[in-house]
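Below is one structure; the comments refer to it alone.
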Amino acid sequence: MGASSPDLIVHVDTFARVNMVYEVLSVISVIMLLAASLAVLITYNWRVCVLSLAVQYLAAFWLINLDYPLAMAAVKLVVGWMVCAMLGATPVDLKQPDEQLPGRLFRLLASAMVWILVFSIAPSVLQWVPTGMVILWGGLALIGMGLLQIGMTTFAPRIVVGLLTILSGFEILYSVLESSVLVVGLLAIVNLGMALAGSYLMTVSGGLEV
Amino acid sequence: MNAPLIWIVFPVIVSVILFFLSARRYLVVGLATGSNLFFVLLGLLLPIDRLIKLGPWAFEVSSTLMVFGRKFVITDSDAHLVVFLYFFAAFWFFGAGVVRAHRLFIPIGQCMVAIAVAAISVEPFLYAGLLIEVAVLLSVPMLVPPGRRVGQGVLRYLIFQTLALPFVLYAGWVSAGVEANPANQRLLQQGVVLLGLGFAFWLAVFPFHSWVPILVGEAQPYVSGFLLSLLQTVVLLLMLGFLDSFAWLRDFSVLSQVLQLVGTIMVASAGIMAAFQRDVARLFGQAVILESGFALLALSVPGYQGAEVFAGFFAGRLLALALWALALSNLAADGISFGFDHLKGLLHRLPLTSIAVVLSVFSIAGLPLLASFPVRLMLFDRLIPEAVNAVIWVMIGCLGMLMGGIRTMMVVAHSQEGWRFEERLPPAILMAIGLLGLVIIGIFPRWIMPYLIQLLDPFQSLGVLMILPLI
């Protein structure tokens, strides 16, 4: 037996409302992303860095889940956390400069500028990636923070984390456009490969700045 | 049985076996060279999608392997490309035994070649970006073997190659949109810009080229030579594939001019930098950039004529780079640094190594009677009527590279001491064969051009089928 028309309208209306609430709530995930990526950028503690990366993947999962089915979005989360586990298992001593505060302040200011840039260009990017504004903010913010990370260091662990951040941001945007299982699988391999390559480079260089 | 299984899956299995045997250097070299030559032989003999009868048995090798709803397709027309890539691998792996390359080189290199074949054969084309990225990540332990320090070149290489991925994937999505709606000019421009950026990162196009000379200076020369030759060849073939697949891209009015401009800048800048280099490894890096510039210039010539020149470049380019990498590895094996200060009088001690370096530079500069000359001439012939200015700048680039070669020659020949032949026999034999090859291809280009033209068989939309070279 099919539902009668008024029932169907009520169902559709409820579904739309739930969806809207979910999208509004997803602003929280953008805030989480910003905070986590900032922590990744400014911390000098490797464990905090990896933990922040894990939070970043959780927030990215939330945003990806807006377009992907839960099972496929969960793949991103699981892969992200596996990446964190791999990186976390590698002992790294992030360089502790003598004067920590000015460096951190500089990174904070640079991040603020990236965020301003992201929020100001997001409406224009909407023409390139037709999706919700929340997804655009999240994806672009991660790409921006990742670029900032790789632009400010020559240290292998930070560069690997920066590249993973960029990939994560791209995956948020790309989830709107492509939902092929093979792409999800290959992107998972790329993420895991990046983490493996990063761990290898860190081990080879002894976790020291080059 | 299907073709992707033979030329993608089996080589990956071989690479895993080689990895576990990697402590036995000569066994690995023998197995790798033999298996790659076997793949070459299969490529030459095995008809695809046709019934094969062997006595009472009959079977068929199908062209398609389905993976998660996507296809890997190797048809008869792709077989030449596959043969070319596996011959390339056999050639480099055989040399690896002579120059004593690191034990991880052959297993990882084998897997990279299989991934390169997968990248060329995957449909839709956009998945190639992901496969190339996997190959790039796989190459990291090859470039920085255990015990070596991580340098800036490797990190920059990783950054630039990874940054290409988002652009290529997004361009793939836009391309599908343009196919559906060719009248949408905004989408079309987006597609071209994104593809351009993706390939610019991959091919180390100016200004994203800084990592190439640094990488060559840092990593083992033989390994970096293999990596740069393989990746650039595959990316250039993918570029040809994009041009072949998308009519809107071929017909995009500004594309030819942009390729010409970028190619000219690359050739001129690399040539000018080469003239002032004081390190033969970094000179090698500039040569790679110059060669990529020439490939872009060839693609800027519309239609089959450009594609023909593009294919013609492969022989001279790969042979000169391989010979150069072999010579550099020979120097490294003798504990000689690559700076000019350390190369003084080298000709008197290592004559073949010195001649190999100098002639490789000269060949890449396009000196007459050497391998690259006939194809350079073809390119100039086709560019001059339309772009005299570009040709002048390209010639300045070639002169710069020639200058780099002359300076190297003067340094290696400068000695007060007498002659004492310290060359090791196995690399000397290989270098002698390579030098002979450079000269033979330079004098008799017709012998090899028909085979190179066959590489264009899969790109039927470019109209290159059955076109004979004009030399």
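The values are calculated or read from the model by the stated rules, or taken from the named source; none is laboratory data. What you see is a predicted model, and the numbers here were worked out from it, not measured in a lab. Quick reminder, even Gly has a Cβ in these numbers, built from the backbone with ideal geometry, and neighbours come from all protein chains shown. These accessible areas exclude ligands, DNA and RNA; they are computed on the full protein's heavy atoms, side chains included. Shrake-Rupley method; radii C 1.70, N 1.55, O 1.52, S 1.80 Å.
Things to note:
- Filter result (under 14 Å from residue B:166 (Cα atoms) and touching a helix residue (DSSP H, G or I) at 6+ places or on another chain (Cβ under 6 Å)) within segment B:180-198: B:190, B:191, B:194, B:195, B:197, B:198
- Qualifying residue in segment B:208-221 (condition: over 17 Å from the mean Cα position of the chain (by Cα) and within 11 Å of chain A (Cβ to nearest Cβ)): yes
- Residue within segment A:128-136 that is in contact (Cβ under 8 Å) with a residue 40 or more places away in the chain, assigned to a helix (DSSP H, G or I), more than 9 Å from chain B (Cβ to nearest Cβ) and open to solvent by 30 Å² or more (accessible area, probe 1.4 Å) present: no
- Of the strands (runs of 3 or more DSSP E) that lie entirely inside segment B:54-100, those containing 3 or more residues that are touching a Ser or Thr at 6+ places or on another chain (Cβ under 9 Å) span B:70-73.
- Some residue of segment B:412-421 being among the aliphatic types (A, V, I, L, M) and within 27 Å of residue B:340 (Cβ to Cβ): yes
- The set of residues from segment B:60-101 being within 14 Å of another protein chain (Cβ to nearest Cβ) and farther than 19 Å from residue B:14 by Cβ comprises B:66, B:67, B:68, B:69, B:70, B:71.
- Number of residues in segment B:142-162 that are within 19 Å of the chain's Cα centre (by Cα) and open to solvent by less than 30 Å² (accessible area, probe 1.4 Å): the value is 8.
- Within segment B:121-141, being over 17 Å from the mean Cα position of the chain (by Cα) and open to solvent by less than 10 Å² (accessible area, probe 1.4 Å) holds for B:121, B:122, B:127, B:130, B:140.
- Every test in (1) surrounded by fewer than 16 Cβ atoms within 10 Å (Cβ to Cβ); (2) touching a residue at least 24 places away in the same chain (Cβ under 8 Å) is passed by residue B:69 save one, and that test is (2).
- Hey, residue B:254 more than 10 Å from every other protein chain (Cβ to nearest Cβ) and open to solvent by 10 Å² or more (accessible area, probe 1.4 Å) or not: yes
- Cβ separations smaller than 9 Å between residues 6+ apart or across chains give the following pairs from segment A:157-183 residues that are within 10 Å of chain B (Cβ to nearest Cβ) and small (Gly, Ala, Ser) to residues that are surrounded by fewer than 22 Cβ atoms within 10 Å (Cβ to Cβ) and in a loop (DSSP other than H, G, I, E, B): A:162/A:152; A:162/A:153; A:180/B:68; A:180/B:69.
- Of the criteria (1) of a type in the set (Phe, Trp, Tyr); (2) touching a Lys or Arg at 6+ places or on another chain (Cβ under 8 Å); (3) closer than 18 Å to residue A:59 by Cβ, which one residue A:155 fails: (3)
- For the residues B:418, B:404, B:434, the requirement of being closer than 18 Å to residue B:347 by Cα, among the small types (Gly, Ala, Ser), in contact (Cβ under 8 Å) with a residue 12 or more places away in the chain and outside any helix (DSSP H, G or I) singles out B:418.
- Cβ-Cβ contacts under 6 Å between residues 6 or more apart (or on different chains), taken from a first residue in segment B:305-327 that is charged (D, E, K, R) to a second residue that is open to solvent by less than 10 Å² (accessible area, probe 1.4 Å), are listed as B:317/B:291.
- Pairs are defined by a Cβ separation below 8 Å, a sequence spacing of at least 6 or placement on different chains, a first member in segment B:151-166 that is free of Cβ contacts under 8 Å to residues at least 40 places away in the same chain, and a second member that is of a type in the set (Ser, Thr, Tyr) and surrounded by 22 or more Cβ atoms within 10 Å (Cβ to Cβ); the pairs so defined are B:166/A:174.
- Of all residues in segment A:42-62 being open to solvent by less than 30 Å² (accessible area, probe 1.4 Å) and modelled with pLDDT under 90, the one that is nearest to residue A:183 (Cα to Cα): A:46
- Matching residues, segment B:159-169, being facing chain A (nearest Cβ under 7 Å) and within 16 Å of residue A:149 (Cα to Cα): B:159, B:162
- Yes/no for residue A:147 being part of a helix (DSSP H, G or I) and open to solvent by 30 Å² or more (accessible area, probe 1.4 Å): yes
- Residue in segment B:339-348 that is within 20 Å of the chain's Cα centre (by Cα) and part of a helix (DSSP H, G or I) present: no
- Number of positions in segment B:115-138 that are more than 10 Å from chain A (Cβ to nearest Cβ) and either within 14 Å of residue A:182 (Cα to Cα) or not in a helix (DSSP H, G or I) (or both): 5
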